[in-house]
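Below is one structure, written out as structure tokens; comments come after it.
The values are calculated or read from the model by the stated rules, or taken from the named source; none is laboratory data. Values in this document were obtained by computation on a predicted structure and should not be read as measured data. Quick reminder, even Gly has a Cβ in these numbers, built from the backbone with ideal geometry, and neighbours come from all protein chains shown. For the accessible areas, the whole protein counts, side chains as well, though only heavy atoms, and no ligand, DNA or RNA atoms are used. Shrake-Rupley method; radii C 1.70, N 1.55, O 1.52, S 1.80 Å.
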Amino acid sequence: MSLASIIMVVILLLIAIITLIFLIPGLTGAPYAPSEKAKVKKVLTKLYPIKHCDLLIDLGAGDGVVLQVAAKRGAKALGLEINPILALLTNWRFRKNRKITIKCCNFYRYKFPAKTTIVYAYALANHIETIRRKIECEATRLNKPIHFISNAFDLEDIKPEKKWDSFYLYRIDPQS
């Protein structure tokens, strides 16, 4: 096999691996869809005025736009990202920011820290109720309400506290 053939095989393998890394999360309901920074700034100012005492969890943190906006407003921000490439890149991007943490994990299996106050998700419509149930479980486990911002999709049987543009703010109370 010639050197050119070996290089071509390596390139094709890398393309296949990267495609699978981005395709598999998309098939499991976690496609990468970046949030608009300008809108996130307004959401974390008008819809939920985030403060230094807040801990925001971004479910599917992607490139970290939501984390960055929350941290600039003084909050601690935790990104949960299932895609290892995005988690690695976002971790590297914010490596010097002590207010931002990224975990590569499936958020359905992750226990929220006790200080969690707000959860943000830009998810597919068919996953929004599952996300809500996860937040309810965590609110119950932590025995405190957790606010939830959903970008693009509303919850079926809960009226939002506020709505702006495509964003909905909910208060998820512990279940008795």
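Side notes on the structure shown:
- Residues that are part of a loop (DSSP other than H, G, I, E, B), surrounded by 24 or more Cβ atoms within 10 Å (Cβ to Cβ) and in contact (Cβ under 8 Å) with a residue 40 or more places away in the chain within region 51-66 comprise G60, A61, listed in sequence order.
- Of all residues in region 131-176 being assigned to a helix (DSSP H, G or I) and touching a residue at least 40 places away in the same chain (Cβ under 8 Å), the one that is nearest to L59 (Cα to Cα): I131
- Of the residues examined, I85 is one that is of a type outside the set (D, E), out of contact with any Gly (no Cβ under 8 Å at 6 or more places or on another chain), modelled with pLDDT under 85 and not in a strand (DSSP E or B).
- So V69, is it open to solvent by less than 40 Å² (accessible area, probe 1.4 Å), in a helix (DSSP H, G or I) and within 21 Å of Y48 (Cβ to Cβ): yes
- Lone unmet requirement of (1) closer than 20 Å to F167 by Cβ; (2) open to solvent by less than 40 Å² (accessible area, probe 1.4 Å) for N83: (1)
- Residue check, A125 out of contact with any Asp or Glu (no Cβ under 7 Å at 6 or more places or on another chain), modelled with pLDDT of 90 or more and small (G, A, S): no
- Filter result (touching a Ser or Thr at 6+ places or on another chain (Cβ under 9 Å), crowded, with 16+ Cβ neighbours inside 10 Å and under 16 Å from L55 (Cα atoms)) within region 140-168: L142, I146, H147
- In region 91-128, the qualifying residues are those that are of a type outside the set (A, V, I, L, M, F, W, C), surrounded by 13 or more Cβ atoms within 10 Å (Cβ to Cβ) and assigned to a helix (DSSP H, G or I), and the one that is farthest from the chain's Cα centre (by Cα) is R93.
- Matching residues in region 91-109 - criterion: being of a type outside the set (K, R) and either out of contact with any helix residue (DSSP H, G or I) (no Cβ under 9 Å at 6 or more places or on another chain) or over 24 Å from K134 (Cα atoms) (or both): N91, W92, F94, N97, N106
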